[in-house]
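Each remark here refers to the structure printed beneath this line.
The values are calculated or read from the model by the stated rules, or taken from the named source; none is laboratory data. What you see is a predicted model, and the numbers here were worked out from it, not measured in a lab. Glycine also receives a Cβ, built like all others from the backbone with ideal geometry; neighbour counts cover every protein chain displayed.
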Amino acid sequence: MLVGNAKFDDMPSVAVLVAAIQQSHRNFVVRLIDHVFEQVLRGMEENDFKDAQRRVSIMKFISECYNFKVIHTDALFSMLYVLINWDLQGNCEIAHVAELDLASNCFRIRLVCTLLDSLGKFFMARKRRLLLDRFFVFFQRYILRKNYMLMDLEFMLLDTFDSLRAKNMPRIENLAQAE
């Protein structure tokens with residue numbers, strides 16, 4: 001069940017295999033997806049740099065599982081909101097929880113962009129488009145709370161926004177507008 005050990009480029013093939021056995025081995029697939037979501041949550045809690053590539057690969061696997069209808073839209077958006085909502089107000093009293101998502105750490109933006117880059121074509125319909133537009137408002141608020149963003153991450157973010165909603169996306173310029 002160690003999906004994170006597969007290579008990034010092999011994730012579509014692994015997701016095809018999971019989709020193929022979904023009907024005959026439903027319990028296994030449910031446990032596998034649950035394990036993958038747990039790995040994402042554990043990775044957010046530990047926030048270890050040496051696992052960064054594995055975490056990006058897992059997000060690619062989640063997006064490919066959504067592409068092959070193994071993961072439902074609600075579960076996908078729940079994962080997206082969990083990625084950006086750990087210490088939303090920036091004033092968490094528990095020091096350990098506040099350290100999980102520092103204002104200087106932008107790795108979760110990379111995870112969200114990895115997920116959305118593979119799924120953009122599926123969010124053009126009405127209901128899904130509204131879900132994505134709503135998420136974009138929260139995501140931009142999360143981005144505006146960060147102190148500094150690396151140039152390659154900023155380019156990745158702009159590419160994601162352009163590929164999903166080049167003209168129709170609600171653009172937020174400052175934190176007050178996001179609130």
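Close contacts from region 133-161, counting a first residue that is under 14 Å from Glu173 (Cβ atoms) and a second that is at pLDDT 85 or above and among the aliphatic types (A, V, I, L, M), with Cβ to Cβ under 8 Å and a gap of 6+ residues or different chains, come to Ile143/Ile109; Ile143/Leu157. When region 29-52 is limited to residues that are among the β-branched types (Val, Ile, Thr) and surrounded by 13 or more Cβ atoms within 10 Å (Cβ to Cβ), the one that is nearest to Leu83 (Cα to Cα) turns out to be Val40.
When Arg55, Arg26 are checked against the criterion of being surrounded by fewer than 18 Cβ atoms within 10 Å (Cβ to Cβ) and not assigned by TED's automatic domain parsing to the domain that holds Asp117, a single residue qualifies: Arg26. Has region 151-172 got any residue that is among the small types (Gly, Ala, Ser), modelled with pLDDT under 85, outside any loop (DSSP other than H, G, I, E, B) and loosely packed, with under 15 Cβ neighbours inside 10 Å? So far as region 151-172 goes, yes, one or more of its residues are among the small types (Gly, Ala, Ser), modelled with pLDDT under 85, outside any loop (DSSP other than H, G, I, E, B) and loosely packed, with under 15 Cβ neighbours inside 10 Å.
Just need a number here: residues in region 116-130 that are part of a helix (DSSP H, G or I) and either touching a His at 6+ places or on another chain (Cβ under 6 Å) or without any contact (Cβ under 8 Å) to a residue 24 or more places away in the chain (or both).
Going through region 116-130, the residues part of a helix (DSSP H, G or I) turn out to be 116-122, 126-130.
Still in the running and either touching a His at 6+ places or on another chain (Cβ under 6 Å) or without any contact (Cβ under 8 Å) to a residue 24 or more places away in the chain (or both): 121, 126-127, 129-130.
Residues in region 116-130 being part of a helix (DSSP H, G or I) and either touching a His at 6+ places or on another chain (Cβ under 6 Å) or without any contact (Cβ under 8 Å) to a residue 24 or more places away in the chain (or both): 5 in total.
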